[in-house]
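**Q** Before I ask anything, let me first share the structure, which is written out below as structure tokens.
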There are 2 protein chains.
Amino acid sequence: MKREIPYKTYLTENEIPTAWYNVRADMKTDHRPLLNPANMEPMALEDLKPVFCEELAKQELNTSDRFIPIPEEVREFYTMFRPSPLVRAYFLEEALGTPAEIYYKYEGGNTSGSHKLNSAIAQAYYAKEQGLKGVTTETGAGQWGTALAMACGYFDLECRVYMVRVSAEQKPDRVEIMHTYDADVTLSPSDTTEIGRKMLSDHVNPDGSLGTAISEAVEYAVQNDGYRYVLGSVLNQVVLHQSIIGLETKLAFEKLDRYPDIVIGCAGGGSNLGGLMSPFMEDRLADRTAPYFIAVEPASCPSLTRGKFAYDFCDTGQVTPLAKMYTLGHGFIPPASHAGGLRFHGMSPILSQLYHDGFLDEARSVTQQEIFEAATLFSKVEGTLPAPESAHAIKVAIDEALECKKTGEKKIIVFGLTGTGYFDMSAYRRYREGGLDDTPPSDESIATGLGELPPNAE
Amino acid sequence: MKREIPYKTYLTENEIPTAWYNVRADMKTDHRPLLNPANMEPMALEDLKPVFCEELAKQELNTSDRFIPIPEEVREFYTMFRPSPLVRAYFLEEALGTPAEIYYKYEGGNTSGSHKLNSAIAQAYYAKEQGLKGVTTETGAGQWGTALAMACGYFDLECRVYMVRVSAEQKPDRVEIMHTYDADVTLSPSDTTEIGRKMLSDHVNPDGSLGTAISEAVEYAVQNDGYRYVLGSVLNQVVLHQSIIGLETKLAFEKLDRYPDIVIGCAGGGSNLGGLMSPFMEDRLADRTAPYFIAVEPASCPSLTRGKFAYDFCDTGQVTPLAKMYTLGHGFIPPASHAGGLRFHGMSPILSQLYHDGFLDEARSVTQQEIFEAATLFSKVEGTLPAPESAHAIKVAIDEALECKKTGEKKIIVFGLTGTGYFDMSAYRRYREGGLDDTPPSDESIATGLGELPPNAE
């Protein structure tokens with residue numbers, strides 16, 4: 001065994017990037033501002049400050065600085081789990097018999113189990129710097145909540161997580177990890193907020209939803225001194241922090257004397273794909289050779305493929321600012337049968353704009369059956385059991401590699417392997433036992449969601 | 001941040017050792033053979049072949065070859081998760097304020113979550129090479145069963161795992177991962193074997209024990225064509241395979257221009273500590289400068305600290321060969337309140353002999369309260385949530401580092417971080433809620449166990 005390219009390529013600690021890349025500064029577009037839900041006016045820094053940490057609010061609005069320095073304390077924390085490996089999927093290539101080279105950037109090798117830690121530690125740092133008491137957030141599948149709990153534990157910051165009730169009940173181990181890092185986990189809907197109490201008394205959705213949990217977290221932060229709200233996806237600041245994934249990937253490819261032809265990422269809120277593709281999108285925006293970009297979303301929550309590019313709330317309770325994004329409507333809730341994450345009704349405004357403008361080349365939706373088939377194959381041949389979210393990207397990477405097998409092309413494919421599936425084994429069991437239901441949302445339910453979009457915002 | 005030594009030191013893929021180190025070849029001792037339970041006679045290769053794969057039986061008996069080549073297929077599989085990082089625990093050092101340098105070799109970064117995969121893939125390989133249909137084994141906490149399932153899945157070999165019933169019920173996710181890799185998981189005691197049926201009808205211990213699961217796995221292998229029994233710890237062959245841990249550790253230290261003063265490992269069956277310390281023990285056995293070796297075991301299952309160096313069965317059902325080892329008696333079952341692994345009544349014959357002869361310097365037993373305190377601190381500062389087993393080593397590493405703080409010594413401490421605690425969160429919860437019971441085994445229960453040792457074997 002003598003390989004030209006090793007199975008895993010690690011950068012050195014000193015090669016961890018010193019600045020995040022802000023793709024918005026290179027996008028030649030009219031960046032659409034967040035709108036204030038109270039009056040539908042663009043939100044300025046002053047308007048965002050009651051909700052977000054000040055430095056994060058600045059990053060949210062920043063459309064001019066191409067690079068933003070990574071604070072030294074954050075970079076030091078990064079050394080615990082970064083640089084993450086860029087893996088050449090030799091075993092998958094062999095199993096498929098493809099002439100393509102398949103790579104994945106593996107972000108699941110930290111205790112939180114996913115890429116979310118990249119942004120969590122940055123957000124906790126800025127909250128601490130601002131002298132805050134704590135932060136609030138929501139979590140669905142639990143990846144973000146766990147990451148934020150770790151980050152807050154590190155900086156000794158209070159962490160108040162509103163976790164979708166049904167997820168918490170299905171994943172007690174996730175909850176316990178957050179407790180180990182001293183986070184305060186509240187099941188949503190809860191009686192700690194007005195919107196939560198309303199949901200509970202209305203008996204509309206006692207299992208909870210991500211949208212409701214967001215509303216609760218925002219309400220708590222706004223109404224309690226010394227707290228701010230933080231979010232693990234969708235926002236510009238999160239895509240900014242996640243650019244570390246793409247920066248490391250690009251540098252590793254340079255070292256290997258390679259450049260990818262196709263970049264693939266799963267897309268729920270968009271943070272992972274946004275982070276992975278940003279530094280390659282830089283090439284596209286500068287009219288240099290660039291990869292073909294594919295976003296993969298679940299058929300059950302298809303914001304890019306069946307949603308609308310419009311202003312919408314980020315939450316069910318309509319307390320958050322409105323963002324211009326691909327959305328299924330803030331009232332949209334994916335079918336309960338959907339096992340994986342990626343359940344958010346909207347898509348990152350950055351990804352949405354890039355998709356709208358044709359820079360993000362393609363969006364595909366895939367079924368649960370397809371992603372668990374891909375995940376199981378991948379587990380066996382590559383030895384890493386992926387999160388269902390990540391398996392969306394695996395499925396399309398396999399499809400593209402099989403296409404190369406037909407055409408004989410030696411394309412270089414890279415995808416984001418965002419996390420481990422350790423906490424999703426009940427979903428794997430449902431797949432194995434044939435219990436997954438793949439009925440996509442009906443045209444009526446999509447139309448209903450889109451019918452509830454705020455009318456006066458374009 | 002400019003560090004002389006990086007947080008993580010990775011060897012390159014080509015530096016993965018090409019041979020395992022067989023410490024027995026350097027031990028100047030009268031190696032005590034395994035004894036046949038039928039007649040108490042030493043077991044030769046022919047006697048072992050009905051139970052073990054032939055090549056593994058040869059390795060079990062090998063006391064002359066210092067190095068045994070790692071098959072190319074095994075080495076290729078190793079590249080998926082090896083070399084594992086040698087981590088400089090900067091954050092722990094800072095939290096403790098110690099002048100010591102603390103390092104750990106992290107073996108939890110693969111899907112099975114522990115070091116067990118190092119031996120599982122070797123054992124599956126030899127079984128496949130021999131043309132067997134499948135292998136049988138037992139698993140308690142599930143680390144070994146998961147590792148073997150992955151290894152067998154890779155070589156397309158049947159994998160029949162007898163899992164301690166109470167563990168399986170507490171860890172459905174572990175079971176599901178084994179299922180994902182197509183293993184056949186049978187809860188023990190089961191009605192698939194004579195010993196299992198007897199245990200069930202006697203209603204002695206319906207929850208199961210590791211000793212019973214071993215008996216069942218051995219019985220099934222012996223009575224069914226094309227199957228052999230494999231084991232994840234205790235045996236010489238396993239310590240041999242696990243020497244990869246120590247070989248990589250030693251090489252990494254050489255690259256860092258360091259040599260450890262203290263080597264610490266948790267010890268249940270002894271495979272992890274045996275593997276980590278073997279290449280350093282080579283120095284001790286050759287009268288060169290060598291580290292001080294510490295084995296750490298749970299107070300609830302204290303084979304080295306309260307057991308006896310004697311011949312004993314490896315299982316409750318008395319179907320396995322007898323080994324000369326430190327043992328609490330094959331009937332010993334640790335208190336049900338014991339949460340972590342390391343529940344085996346005996347200790348690796350290699351470690352036992354080295355301890356008996358004074359080369360393994362010290363054995364310490366620690367309580368559950370102590371290990372979970374250490375684990376929680378470690379999780380927070382180092383960002384990796386350890387398995388309770390691994391936390392035994394962390395606890396003693398912390399103690400040694402604090403001792404250095406008193407004396408001002410800059411000792412170099414290395415310990416084995418054998419696995420992640422993802423599947424042990426219910427134990428963490430019991431700790432957090434104050435529900436751990438640390439009552440050690442009474443003198444009477446120890447005496448009872450030791451009283452049942454086979455009388456005629458010395």
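**Q** Has region B:443-457 got at least one residue that is in a helix (DSSP H, G or I), crowded, with 20+ Cβ neighbours inside 10 Å and within 14 Å of chain A (Cβ to nearest Cβ)?
**A** no
**Q** Report the residue count in region A:45-102 for those that are within 14 Å of another protein chain (Cβ to nearest Cβ) and not β-branched (V, I, T).
**A** Total meeting the criteria: 23.
**Q** So, one more: Might you check whether a residue that is touching a helix residue (DSSP H, G or I) at 6+ places or on another chain (Cβ under 8 Å) and at pLDDT below 95 occurs anywhere in region A:157-164?
**A** Let us first name the residues in region A:157-164 that are touching a helix residue (DSSP H, G or I) at 6+ places or on another chain (Cβ under 8 Å), namely A:157-164.
Next, from what is left, pick out any that are at pLDDT below 95: A:164.
Checked region A:157-164: at least one residue is touching a helix residue (DSSP H, G or I) at 6+ places or on another chain (Cβ under 8 Å) and at pLDDT below 95.
**Q** Looking only at region B:130-166, how many residues end up being of a type in the set (S, T, N, Q) and out of contact with any Asp or Glu (no Cβ under 9 Å at 6 or more places or on another chain)?
**A** To start, the set of residues in region B:130-166 that are of a type in the set (S, T, N, Q) comprises B:130, B:136-137, B:139, B:143, B:146.
So of that shortlist, the ones also out of contact with any Asp or Glu (no Cβ under 9 Å at 6 or more places or on another chain) come out as B:137, B:139, B:146.
Of the residues in region B:130-166, 3 are of a type in the set (S, T, N, Q) and out of contact with any Asp or Glu (no Cβ under 9 Å at 6 or more places or on another chain).
**Q** Out of the residues in region B:146-165 that are more than 14 Å from every other protein chain (Cβ to nearest Cβ) and touching a Leu at 6+ places or on another chain (Cβ under 9 Å), state the one that is surrounded by the fewest Cβ atoms within 10 Å (Cβ to Cβ).
**A** B:E158
**Q** Hey, another quick one. Answer with yes or no whether A:A267 is modelled with pLDDT of 95 or more, assigned by TED's automatic domain parsing to the domain that holds A:Y103 and within 12 Å of the chain's Cα centre (by Cα).
**A** yes
**Q** Where residues in region A:385-410 are among the β-branched types (V, I, T) and in contact with a helix residue (DSSP H, G or I) (Cβ under 7 Å, 6 or more places away or on another chain), which of them is nearest to A:G108 (Cα to Cα)?
**A** Result: A:I394.
**Q** Against the definition (crowded, with 24+ Cβ neighbours inside 10 Å and among the charged types (D, E, K, R)), how does A:R228 come out, yes or no?
**A** Here the answer is yes, as A:R228 does meet what is asked.
**Q** Could you list all residues from region B:281-308 that are surrounded by 18 or more Cβ atoms within 10 Å (Cβ to Cβ), part of a strand (DSSP E or B) and of a type outside the set (G, A, S)?
**A** B:F293, B:I294, B:V296, B:E297, B:P298, listed by residue number.
**Q** Can I ask one more? Only one of A:F344, A:F372, A:F313 is of a type in the set (F, W, Y), under 24 Å from A:A89 (Cα atoms) and either outside the structural domain of A:P291 (by TED's automatic domain parsing) or crowded, with 22+ Cβ neighbours inside 10 Å (or both); which? It would help to see each step written out before you state the result.
**A** Working: A:F344 fails: under 24 Å from A:A89 (Cα atoms); A:F313 fails: under 24 Å from A:A89 (Cα atoms).
From the options A:F344, A:F372, A:F313, the qualifying one is A:F372.
**Q** Still on this structure: Please tell me if A:K133 is more than 9 Å from chain B (Cβ to nearest Cβ), among the basic types (K, R) and crowded, with 24+ Cβ neighbours inside 10 Å.
**A** Working: more than 9 Å from chain B (Cβ to nearest Cβ): yes; among the basic types (K, R): yes; crowded, with 24+ Cβ neighbours inside 10 Å: no.
When the stated conditions are applied, A:K133 does not pass them.
**Q** Next question, about the same structure. Which of the helices (runs of 4 or more DSSP H) found entirely inside region A:1-78 contain at least 1 residues meeting this: under 21 Å from the mean Cα position of the chain (by Cα)?
**A** Qualifying helices (runs of 4 or more DSSP H): A:54-61, A:72-78.
**Q** If you don't mind, another one. Name the single residue, out of those in region A:169-210 being surrounded by 16 or more Cβ atoms within 10 Å (Cβ to Cβ) and small (G, A, S), that is nearest to the other protein chains (Cβ to nearest Cβ).
**A** A:A183
**Q** So, in region B:9-41, of the ones that are under 30 Å from A:K8 (Cβ atoms) and aliphatic (A, V, I, L, M), which residue ends up surrounded by the fewest Cβ atoms within 10 Å (Cβ to Cβ)?
**A** B:A19
**Q** Let me ask you something else. Quick check: is even one residue across region B:28-43 within 14 Å of chain A (Cβ to nearest Cβ) and farther than 30 Å from A:E4 by Cβ? Let's see the steps before the verdict.
**A** Filtering region B:28-43 for residues within 14 Å of chain A (Cβ to nearest Cβ) gives none.
No, region B:28-43 has no match at all.
The values are calculated or read from the model by the stated rules, or taken from the named source; none is laboratory data. Quantities reported herein were computed from a predicted structural model and do not represent experimental measurements. Neighbour counts run over all protein chains shown; Cβ positions are idealised from the backbone, glycine included.
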